[in-house]
Amino acid sequence: MAQEIEHTHLPIRGLNLHVAQVGKDELGTVVFLHGFPEIWYTWRHQMLAVAAAGYRAIAPDSRGYGLSDQPPEDEVATWENLVADVLGILDALSIPKAFMVGKDFGAMPAYDFALRHPDRTRGVMCLGIPFSPVPITIDTMPEGFYILRWREPGRAEADFGRHDVRRVVRTIYILFSRSEVPVADEGQEIMDLADLSTPLPPWFTEEDLDAYAALYEKSGFRYPLQIPYRGLHRMTKHGDAKFQVPVFMVMGEKDYCFKFPGFEDAMRSGIMNTFAPDLKITYIPEGSHFVQEQFPEQVNDLLLGFLKDHP
């Protein structure tokens with residue numbers, strides 16, 4: 001019988017962070033870090049798979065997301081806070097070491113945690129975002145590129161504000177599941193790139209959308225626009241980075257992020273090996289940005305193989 005995912009709030013560094021968890025920790029703990037427009041729920045398939053295999057799965061809602069508290073409005077949003085939150089969660093649950101699994105912007109604190117706290121990390125697996133020792137460069141992208149639009153104060157707020165939260169999440173999910181980078185034309189906003197006649201991806205149900213929308217109804221988009229989009233320039237620099245733990249990178253070849261400047265070169269050229277001596281890279285030919293939801297069994301197999309290879 002499948003185990004049920006349980007929910008709790010932990011007081012971490014002045015905020016109550018929502019944590020979903022399942023499993024008994026017979027073989028270890030796996031911490032899952034979500035991206036945008038995601039939430040703990042994005043990892044539901046992987047959490048149940050690792051729990052069934054004897055691991056404890058922990059998936060927090062990042063600060064400012066979902067059921068976790070909002071940081072104060074005057075607080076500068078930093079990536080270091082995300083890493084410190086993960087450390088606080090491990091300490092609060094008395095977990096000495098864990099595997100880190102991140103996707104989208106959740107890959108950044110996963111990599112960063114492994115570099116800062118190798119003694120607390122058994123390995124790190126990331127989906128869709130290669131490690132970079134410096135913040136990614138996006139200034140060469142067209143003016144209508146969604147990140148350039150969303151990092152402009154007030155622009156996304158006005159764009160999103162034309163619709164209800166469910167419509168906003170629906171549109172972003174559709175755009176991000178495509179293989180093309182979301183770029184708006186002049187006189188067009190990002191929310192105009194899909195409408196209600198545009199179907200959801202076949203692997204994403206109306207019930208899934210309801211789950212995401214309910215959590216973004218709670219949190220809104222204030223902090224998600226700060227981290228990642230308006231905080232990219234504040235990403236931690238790791239010029240002399242050297243991972244002391246195994247690193248596993250999984251990339252869907254239909255993930256639009258694969259077309260970001262330098263991403264494909266970083267993965268295919270061997271550059272990542274200079275930072276991660278124990279590195280494995282796997283490509284999923286039809287995989288999208290949401291490969292863990294699109295092909296859950298394939299990603300589960302890859303994840304469980306990585307965990308078992310590093311007992």
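Gain on full extension, evaluated as 0.36 nm per residue between residue 158 and residue 197 minus their Cα-Cα distance, stands at 11.8 nm.
Hey, with R₀ at 35 Å, roughly what FRET efficiency would residue 138 and residue 301 work out to, going by the Cβ-Cβ distance, to 0.05? Write out the running numbers ahead of the final one.
Working: r = 33 Å, r/R0 = 0.95.
So, using R0 = 35 Å, E works out to roughly 0.60.
Summed over qualifying helices (DSSP H, 4 residues or more, each -39500 (n - 2.57)) and divided by its residue number, the chain shows a 222 nm mean residue ellipticity of -9500 deg cm²/dmol.
Count charges around residue 302 for me, please; just the other residues with Cβ under 12 Å from its Cβ, Lys/Arg as +1, Asp/Glu as -1. Within the 12 Å Cβ shell, the charges total -1. Here the contact order of the chain, divided by its residue count and restricted to Cα pairs under 8 Å and six or more residues apart, works out to 20 percent. Between residue 310 and residue 253, the C-beta separation translates, for a Förster distance of 30 Å, into a calculated FRET efficiency of about 0.75. Given +1 at the Cβ of Lys and Arg, -1 at the Cβ of Asp and Glu and no other charges, the dipole of the chain around its Cα centre is 800 debye to the nearest 20.
Share of pairwise Cα-Cα distances greater than 14 Å in the range 248-300 is 53 percent (whole percent). Listed by chain and number, the lysines whose C-alpha is less than 27 Å from the C-alpha of residue 259, apart from same-chain residues fewer than 8 away, are 103, 237, 242, 280.
Considering every alpha-carbon pair of the chain, the percent of pairs per 20 Å bin, from zero through the bin containing the longest distance, is 34, 61, 4.
Each residue was assigned an accessible area with a 1.4 Å probe, and for residue 151 the value is about 100 Å².
Projected over every direction and averaged, the convex hull enclosing the alpha-carbon atoms of the range 12-119 yields 6.4 nm². For the pair residue 13 and residue 92, label points projected 7 Å from Cα toward Cβ lie 1.2 nm apart. Using heavy atoms of the protein chains and a probe of 1.4 Å, the accessible area assigned to residue 7 is about 100 Å². Computed over the range 64-161, the quotient of the alpha carbon radius of gyration and 2.2 N^0.38 Å is 1.28.
How big is the shadow of the Cα convex hull of the range 172-276, averaged over all directions, in nm²? Before the final figure, lay out each step's value.
Values: hull surface 38.3 nm².
Result: a mean projected hull area of 9.6 nm².
Between amide H atoms placed 1.01 Å from N, distances below 5 Å from residue 29 occur with 56, 99, all of them 5 or more places distant or on a separate chain.
The values are calculated or read from the model by the stated rules, or taken from the named source; none is laboratory data. Values in this document were obtained by computation on a predicted structure and should not be read as measured data. As a convention, Cβ positions derive from the backbone with ideal geometry for all residues, glycine included, and neighbour counts pool all protein chains shown. Keep in mind that these areas ignore ligands, DNA and RNA; they rest on the heavy atoms of the full protein, side chains included. Shrake-Rupley method; radii C 1.70, N 1.55, O 1.52, S 1.80 Å.
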